[in-house]
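The values are calculated or read from the model by the stated rules, or taken from the named source; none is laboratory data. This structure is a prediction, so every number in the text was calculated from the model and none was measured. FYI the Cβ positions are ideal-geometry reconstructions off the backbone, even for glycines, and counts take in every protein chain you see.
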Amino acid sequence: MKRRGLAVLLAAVLGASMLAGCGNSEDGSSGGKKKVRLMVWSPSEDQSKDSGEWLQTTCEKFADEHPEWDITFVYGVADEATAAGQVAQDPEASADVFMYANDTLTTMTDANALVKFGGKYREEIERTNTEEVISSLTKNGELYGVPFTTNTWFMYYDKSVFDEEDVKNLDTMLEKGVVSFPMTNSWYLPAFYIGNGCTLFGDGTDEAKGVDFGGEKSVEVTDYLVDLAGNPNFKIDADGSGIAGLRDGSISAMFSGSWDANAVKEALGDNMGAIALPAYTLNGEEKQMMAYAGSKAIGVNPNCKDMVAAVELAVYLGSAEAQRTHYELRNVIPCNTELLKDTKIAEDPLVMAQNNTFNDTSILQPFVAKMNNCWTPVENMGKGIRNGSVTHDNAAEQAEAMNEAMNSDGI
């Protein structure tokens, strides 16, 4: 292993298990400064002129705050969802610092592709984030990233159609206006099942406990969804139809996340409302819809040569200052608890909707490996309800088939 002395020195601070040298960094110094080369990946939106080149600008500010280093930044494009696959496949050829979604954590730790944050860095991260956010990036007691936003979905609605009482219950809304929901998307559909007591891997971390999306509780939800799909005031959102409906007035509410905020604002203007998930009425009882939730974080590659600089940059990219500009330029909802003390930010309906959903109407999306078996069966259930192959007559059979598939490795 290259630079073993550095690895030993940093192990107590970073908690990193692999600190091998990689990349094309130059050793030595220039004008009393140590030459540092950092490859940084982010989504293209973070590097565009429309976002004020958030990544480049923030990295340059970081360089200004570290005159002891002569830093060369090399930028690459990888969004939070796809970065994990690229880094896990070939960590030594990947970025030193990158953004990733927490549900890909297991993929990267299995590939030894993430640094563990410890010492003063972990203390700082834990001090400025909630326990729930920290839990989303923790595995076997180790912290693997610097969170920069929560990751979940909520409800947008037209305030000229629904008032603040209406939006507390989905069925009440359906009596007054048209609601769009992505029923065939398996990230969204479980909200109804989880709301009626279905579970995944116990608390989400115990693979041995499996998935419990079966029994009467699952049949009840399937029956409800069959009726929901048949309601003339309910539309299945797909391929942007929800936003299109908001724009032409044929739809008055839809479910999505902060990434659609600008499009929804353009469609609804001052009538745009955003709120955490509503309840729904099942057999005369209110059940709370429960979204999957997680976080997005800055990760560091254990194969990075300039480890201290990379870790410092990751912490900076997830800092309150960086989150503020990320929010101002791209509507990326901050999670830093110090920043959320700013009432102007905390009282933004978008921030409230996302963080209230994360805190009150969601479960932490499991990132155990067997979660990969759960997506297709749920998607098939949604498609079956949409096309009419799932009915009241076969709801019990279809619910049990979904549960069995979620607990198998065959799909």
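What do you reckon, is Ala309 aliphatic (A, V, I, L, M), within 30 Å of Phe62 (Cα to Cα) and at pLDDT 95 or above? The answer is yes for Ala309.
In segment 258-313, what residues are within 30 Å of Trp41 (Cα to Cα), charged (D, E, K, R), touching a residue at least 24 places away in the same chain (Cβ under 8 Å) and touching a helix residue (DSSP H, G or I) at 6+ places or on another chain (Cβ under 8 Å)? Result: Asp260, Lys296, Glu312.
Limited to segment 173-188, what total is found for residues that are over 24 Å from the mean Cα position of the chain (by Cα) and assigned to a loop (DSSP other than H, G, I, E, B)?
4
For every residue, the table says whether it meets (1) out of contact with any Pro (no Cβ under 7 Å at 6 or more places or on another chain); (2) surrounded by fewer than 20 Cβ atoms within 10 Å (Cβ to Cβ); (3) among the aliphatic types (A, V, I, L, M); (4) in the same structural domain as Met99 (by TED's automatic domain parsing).
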residue: Leu143; (1), (2), (3), (4): yes, no, yes, yes
residue: Val146; (1), (2), (3), (4): yes, no, yes, yes
residue: Glu164; (1), (2), (3), (4): yes, yes, no, no
residue: Val167; (1), (2), (3), (4): no, no, yes, no
residue: Leu170; (1), (2), (3), (4): no, no, yes, no
residue: Glu175; (1), (2), (3), (4): yes, yes, no, no
residue: Val179; (1), (2), (3), (4): yes, no, yes, no
residue: Asn185; (1), (2), (3), (4): yes, yes, no, no
residue: Tyr188; (1), (2), (3), (4): no, no, no, no
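When the residues of segment 208-237 are filtered to those that are more than 27 Å from the chain's Cα centre (by Cα) and polar (S, T, N, Q), which remaining residue is farthest from Ile385 (Cα to Cα)? By that ranking, first place goes to Asn233.
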